[in-house]
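Novice: Please see the structure below; I have some questions.
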Amino acid sequence: MEKIFDSLNVSQEKAVKQIDGSLLILAGAGSGKTKTITSRVAYLIANGIPPSSILTLTFTNKAASEMRHRALSLIENEVNFTPLLCTFHKFGLLFLKFHMEKLGRSNAFVIIDTDDKKRIIKSFDIDLPIALVTSEISRFKNNLISPEEALNGAQLLNYKKIANIYKKYEAYIAQNNLVDFDDLLALPYKILDENPDLCQQTSEKYQYIMVDEYQDTNDLQLKLLQKLTTAHQNICVVGDDDQSIYGWRGANIKNILEFHKQFDNTSVIKLETNYRSTNNILNAANELIEHNRNRHGKKLVGVKGDGKEINLITSENENIEAHTIAKRISKLIEGGVSPKDIAILYRINALSRSIEEGLNKAGISYKMVGGVKFYERAEIKDVISYLRLIANPHDDFSLKRIINKPKRGLGKATIDKILHAADENRTSIFHFIAQEKEVLADLITKKAYETLDTFVENILKIKSALEESTYGLIDDLEDAFGIKAYYETLPTSLERVLNIEEFYGLFRDFVIQNPEANLDDFLNDISLQSDQDQIDEESISVMSIHAAKGLEFDHLFVIGWEEGFFPLLGDGTDLEEERRLGYVALTRAKKELTLSTSSSRFYKGKRAGLMKSRFLAESGVVKGSLKIEKNNTPFKKGTLVKHKIFGVGRVTAVSKVKRETKLKINFAGTSKDILASFVEKI
């Protein structure tokens, strides 16, 4: 027992010893959350509670494995049976293996991944973006909406199509006894909901439930937990409302903010001692997050002393910013700092392009964590393929990539026929389509022929226009092919479109800086920029703030502290979640923190002057206050809401009318403008 409490502080010890009832542990960044959870598991077992009665749920297998190891090391040989410590989805899988027959299905089901799911949906020969359909089906399942309910509630043509695809998909996976990732939560809930006796038995089996990263739970996970606590209220959740940054993928911050309403007689314990960062870093994080209204409230207190002041780099543009940061990192490495202790973070992926180029030029090895290098992103590869094809129409590799992207109604069979015919004619694919028109017309449908004829005509027209002006290439490309418009239809549209605009801006800047250069020169230049030789060396880390959650670095650089970039502004953004992202970014730093802001960046394809982020003033990094009205609305584009008369709808736009927030809401196909105070967020 002494080993369990060794090195725990007063708040951690209190959290460990509170066994019965509902408990919310608000664990600030770097406050020893994992140690508290694992010590609590060990304490329960050490007090005679059977390991089989304990269920601990996490979000990653890595976290579950680490907690299991640390908990068991505290009790050594006192237990022969390991308590169930796993992800929500692993628990769902185990549950279904025992109880799938309740749905009239065999427990010999097969779990399919995202690619399998896409292949099944694609086999239905649909005319909608696959990513959009899979995203909507996932949303239906996580909101427990059946295919019939989805169909009845759909008024717009595309949503009727999606509902019908959902119906076909559900019939297919049931018939083939398949289970997708969302089913691992939705089906256990359905079984528990339809079988009260089994629900009672399951709750009695797991007498003590713990949940890690509770701020990241969605509505379905909450409902599942409520089923599991039917027979008792012994639930302990650990999380940080100030680190709730996944609203865009379904996490509901209300779960942690309103925990006391969802479970009876809740106790709250705050872990506010930070063991990671210096006081100067913590003070900035505390000041920033205090501007949020929707939070429980806590203040991190450090144990490492004040440390170095926070550095602020102000650059004229992103290229100077990248050069300055690369120079500072080189100096750190030359001074003996290990590259693995250095990281660069950004809010949006598009900002990584200039940083990557700066690191490459300085010969600094880097790795992209949880993401893809700028020139390796699908949307950037698509644009580059178009440019390569314009430069050289006989580039078969590039043509194959974009012949049906954006969608032109060309099926696989049609494309295979064209590729085979071009091969037989010993000519390039483009030449075959452009010159062998009679053969092509006999080979494919009239519609496909006309589509390809237009495609070839547009490529040749743009190539011809290059002789007059290189600068107008981007406008010609978009007018002819609408690449941005295509990516705007996908669920991840914001990041993808920003990446494309960053690339377009890069091209225009290249033309301005090199007036004598041509398209080939640009393509050669980016080929060199995107190549990295030092792949085997120890590397610094480059990543988005989202990818950095849970990590820590001695020396941290965070770029892009400008209005519109960080915080992101406009429809679909939540200023409080943006501020929480800022809090997460600051608290990744252990010893030295450098923030960077630029006076101008390429934005939406052109250079724009920028204002410093309000977050710099709110965190006290710069003096004075930025007088910008706070947007505290919980509503954003895509939010599901409920109106007393019109029922359930989805927000399509958010705007301000004096002091009120006005929402444009789609109620089953009918769009209405309604003040936010008259609807409830679901």
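Novice: Enter the angle in degrees (range 0 to 90, nearest 10) between the Cα long axis of helix 183-194 and the first principal axis of the Cα atoms of the chain, meaning the one along which they spread out most.
Specialist: With rounding to tens, the tilt is 50 degrees.
Novice: Let me ask you something else. Which of the lysines could a cross-linker span from Lys90 if the Cα-Cα distance has to be under 20 Å and same-chain partners fewer than 8 positions apart are dropped?
Specialist: Lys62, Lys102, Lys117, Lys141, Lys190, Lys205, Lys223, Lys227
Novice: Quick one: what do you get for region 111-166 if you divide its Cα Rg by 2.2 N^0.38 Å? Show your work: numbers first, answer last.
Specialist: Details: Rg = 10.9 Å, N = 56, 2.2 N^0.38 = 10.2 Å.
Working it through for region 111-166, the quotient is 1.07.
Novice: Something else about it: Please report Rg (one decimal) and Dmax (integer) in Å for the Cα set of region 352-459.
Specialist: 17.7, 56
Novice: Right, here's the next one. Modelling each spin label as a point 7 Å along the Cα-to-Cβ direction, I'd like the Asp521/Leu94 distance in nm, to one decimal.
Specialist: In this crude spin-label approximation the distance works out to 6.4 nm.
Novice: Also, quick follow-up: Could you give each residue of region 577-583 its phi-based ³J(HN,Hα) in whole Hz, using Karplus coefficients 6.51, -1.76, 1.60 with θ = phi - 60°, and x for Gly or Pro?
Specialist: In residue order, the calculated couplings are 5, 4, 5, 5, 5, x, 4 Hz.
Novice: Which number comes out as Rg/Rh for region 234-318 once both Rg and the Kirkwood Rh are worked out on C-alpha atoms?
Specialist: Result for region 234-318 is an Rg/Rh of 1.07.
Novice: By the gyration tensor of its Cα atoms, with a ≥ b ≥ c the square roots of the eigenvalues, what is the shape of region 229-274: rounded for a/c under 1.5, prolate for a/b over b/c, or oblate?
Specialist: Here region 229-274 falls in the oblate category.
Novice: Any idea what angle helix 446-465 forms with the longest principal axis of the chain, computed on alpha-carbon atoms, 0 to 90 degrees, nearest 10?
Specialist: 80
Novice: Further question: Relative contact order for region 309-421: what percent, with Cα pairs under 8 Å and sequence separation of 6 or more?
Specialist: It rounds to 19 percent for region 309-421.
Novice: Rounded, prolate or oblate: which fits region 1-60 when a ≥ b ≥ c are the square roots of the eigenvalues of the alpha-carbon gyration tensor, with rounded for a/c under 1.5 and prolate only if a/b beats b/c?
Specialist: Cα axes put region 1-60 in the oblate bin.
Novice: Compute the distance in nm between two label points, each set 7 Å from the Cα along the Cα-to-Cβ direction, one at Asp423 and one at Tyr172.
Specialist: Result for the modelled spin labels: 2.7 nm.
Novice: Which is farthest toward the positive dipole end of the chain among Gly307, Ser267, Leu220, measuring Cα position about the Cα centre, with Cβ charges +1 (Lys, Arg) and -1 (Asp, Glu)?
Specialist: So the residue we want is Ser267.
Novice: Between Met611 and Asp264, how many nm apart are label points set 7 Å from Cα along the C-beta direction?
Specialist: Rounded to a tenth, the inter-label distance reads 5.1 nm.
Novice: With each run of n ≥ 4 DSSP H residues scored as -39500 (n - 2.57), what mean residue ellipticity at 222 nm is computed for the chain after dividing by its residue count and rounding to the nearest 500 deg cm²/dmol?
Specialist: Value at 222 nm, helices only, nearest 500: -14000 deg cm²/dmol.
Novice: Per residue of region 18-27, in order, report the coupling 6.51 cos²θ - 1.76 cosθ + 1.60 (Karplus, θ = phi - 60°) as ³J(HN,Hα) in whole Hz, putting x for Gly and Pro.
Specialist: 7, 8, 8, x, 8, 9, 10, 9, 8, 9
Novice: Treating region 121-224 as a set of equal point scatterers at the Cα positions, no solvent, please give the Debye-formula log₁₀ I(q)/I(0) at q = 0.11, 0.13, 0.24 Å⁻¹.
Specialist: Scattering profile of region 121-224, log10 relative to I(0): -0.43, -0.58, -1.35.
Novice: Determine the percent antiparallel among the DSSP beta bridges restricted to the chain, to the nearest 5. Show your work: numbers first, answer last.
Specialist: Values: 25 of 70 bridges.
If we restrict to bridges inside the chain, about 35 percent are antiparallel.
Novice: Quick one: which residues, 5+ away or cross-chain, put their amide H under 5 Å from the amide H of Lys304? H built at 1.01 Å from N.
Specialist: Amide H neighbours of Lys304, under 5 Å, 5+ apart: Asn279.
Novice: If amide hydrogens are placed 1.01 Å from N in the peptide plane, which non-local residues have theirs closer than 5 Å to the one on Leu23?
Specialist: Amide H to amide H, under 5 Å and 5 or more residues apart or across chains, Leu23 pairs with Ile235, Cys236, Val237, Ser267.
Novice: Computed on alpha carbon atoms, what radius of gyration and Dmax characterise region 208-258, expressed in Å?
Specialist: Expressed in Å, the Cα Rg and Dmax of region 208-258 come to 10.8, 33.
Novice: Normalised by the empirical 2.2 N^0.38 Å for globular proteins, what value does the Cα Rg of region 354-412 take?
Specialist: 1.45
Novice: Also, quick follow-up: Let me know the volume per residue of the alpha-carbon convex hull for region 45-193, in Å³.
Specialist: Spread over its residues, the Cα hull of region 45-193 gives 128 Å³ apiece.
Novice: With r defined as the distance between the Cβ atoms of Phe678 and Lys461 and R0 fixed at 60 Å, what FRET efficiency is calculated, to the nearest 0.05?
Specialist: That pair, Phe678 with Lys461, gives E of 0.70.
Novice: Please report, in cubic angstrom per residue, the volume enclosed by the convex hull of the alpha-carbon atoms of region 572-616.
Specialist: Convex hull volume per residue, Cα atoms: 99 Å³.
Novice: Could you pull the Cα extents of region 224-377 along its three principal axes, largest to smallest, in whole Å?
Specialist: If we take the Cα atoms of region 224-377, the spans are 62, 41, 28 Å.
Novice: What relative contact order, as a whole-number percentage, does the chain give when Cα pairs under 8 Å and 6 or more residues apart are counted?
Specialist: 15
Novice: Another one. Relative contact order for region 27-176 using alpha-carbon pairs under 8 Å, separation at least 6, rounded to a whole percent?
Specialist: That works out to 16 percent.
Novice: Need the list of aspartates and glutamates near Lys3 for cross-linking: C-alpha distance under 16 angstrom, and skip anything on the same chain fewer than eight residues off.
Specialist: Glu13, Glu76, Glu78
Novice: Over region 461-515, with a single point scatterer placed on each C-alpha, what log10 of the ratio I(q)/I(0) does the Debye formula yield at q = 0.15, 0.23, 0.29, 0.31 1/Å?
Specialist: -0.48, -0.91, -1.12, -1.18
Novice: Can you give the log10 of the normalised intensity I(q)/I(0) at q = 0.18, 0.19 Å⁻¹, computed with Debye over equal Cα scatterers of region 437-594?
Specialist: -1.22, -1.26
Novice: May I ask you to compute the full-extension gain from Glu488 to Glu13, defined as 0.36 nm times their residue separation minus their alpha-carbon distance, rounded to one decimal in nm?
Specialist: On the way: separation 475, 0.36 × 475 = 171.00 nm, distance 5.03 nm.
Contour length minus the Cα-Cα distance gives 166.0 nm.
Novice: I would also like to ask the following. Give me, ordered by chain and number, the residues 5 or more places off Thr87 or on other chains with an amide H under 5 Å from its own placed amide H.
Specialist: Thr58
Novice: Now for a different question. Once phi is turned into ³J(HN,Hα) by the Karplus curve 6.51 cos²θ - 1.76 cosθ + 1.60 with θ = phi - 60°, what whole-Hz value does each residue of region 329-342 show in order, with x for glycine and proline?
Specialist: Result, rounded to whole Hz: 5, 4, 5, 4, 5, 4, x, x, 6, 6, x, 5, 8, 10.
Novice: At 1.4 Å probe size, with the rest of the protein present, what percent of the exposed accessible area of the chain is carbon and sulfur atoms?
Specialist: Carbon plus sulfur share of accessible area: 48 percent.
Novice: Given a 1.4 Å probe, how much area per residue of region 431-586 is accessible, in Å²?
Specialist: Accessible surface, normalised per residue, equals 44 Å².
Novice: Bin width 20 Å, origin at 0, all Cα-Cα pairs of the chain: what percent of pairs per bin?
Specialist: 15, 44, 34, 6, 0
The values are calculated or read from the model by the stated rules, or taken from the named source; none is laboratory data. Everything numeric here is computed off the predicted structure, so don't read it as measured data. Cβ atoms come from the backbone with ideal geometry, glycine included; neighbour counts cover every protein chain shown. All accessible areas refer to the heavy atoms of the entire protein, side chains included, with ligands and DNA or RNA removed. Shrake-Rupley method; radii C 1.70, N 1.55, O 1.52, S 1.80 Å.
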